[in-house]
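The values are calculated or read from the model by the stated rules, or taken from the named source; none is laboratory data. Being a predicted model, the structure only gives us computed values, none of them experimental. Note that we place each Cβ from the backbone using ideal geometry, even for glycine, and neighbour counts take in every protein chain shown.
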Amino acid sequence: MQANPIKQRRSELGVSSVELAALCDVSAALVNCWEVGRSMPSDGHVDELSDVLKLDPARLRVGLRAFRKDIVQRAQSKIVMATT
């Protein structure tokens, strides 16, 4: 399973999701949505997250795409298994 780069880096820095939300001026619920893959941050939010988390924006985008791709593949596998 691909790790979420936002959650991984936030944990490395010892920052809570509530603290990250405050630093990015978004709700903690939105940060949670990003971390579980329910939604992906906009380009503007990726730039803000990159600044706050001290990550290269391009690298963060690649990590988020890989995380999202993994979620989709796991969901597709579950559907195939349920219908066979």
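A few remarks follow.
- Helices (runs of 4 or more DSSP H) contained entirely in the chain, each with at least 1 residues that are among the basic types (Lys, Arg): 5-13, 57-83
- Search result, residues across the range 18-27 that are surrounded by fewer than 18 Cβ atoms within 10 Å (Cβ to Cβ) and under 28 Å from GLN73 (Cβ atoms): VAL26
Quick grid of which residues meet (1) under 22 Å from ALA21 (Cβ atoms); (2) of a type outside the set (Asp, Glu):
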residue: HIS45; (1), (2): yes, yes
residue: LYS54; (1), (2): yes, yes
residue: ALA58; (1), (2): no, yes
residue: ARG61; (1), (2): yes, yes
residue: PHE67; (1), (2): yes, yes
residue: ASP70; (1), (2): no, no
residue: GLN73; (1), (2): no, yes
residue: ILE79; (1), (2): no, yes
residue: THR84; (1), (2): no, yes
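- Comparison of SER11, SER50, SER27, SER17 shows that the only residue that is at pLDDT 95 or above and out of contact with any helix residue (DSSP H, G or I) (no Cβ under 9 Å at 6 or more places or on another chain) is SER11.
- Out of ARG68, ARG59, ARG38, sole residue that is surrounded by 13 or more Cβ atoms within 10 Å (Cβ to Cβ), free of Cβ contacts under 8 Å to residues at least 60 places away in the same chain and not aliphatic (A, V, I, L, M): ARG68
- Output for the range 1-19, where each listed residue is within 12 Å of the chain's Cα centre (by Cα) and farther than 12 Å from LEU64 by Cβ: ARG10, SER17
- Any hit, the range 40-50, residues being more than 22 Å from LYS69 (Cα to Cα) and not polar (S, T, N, Q): yes
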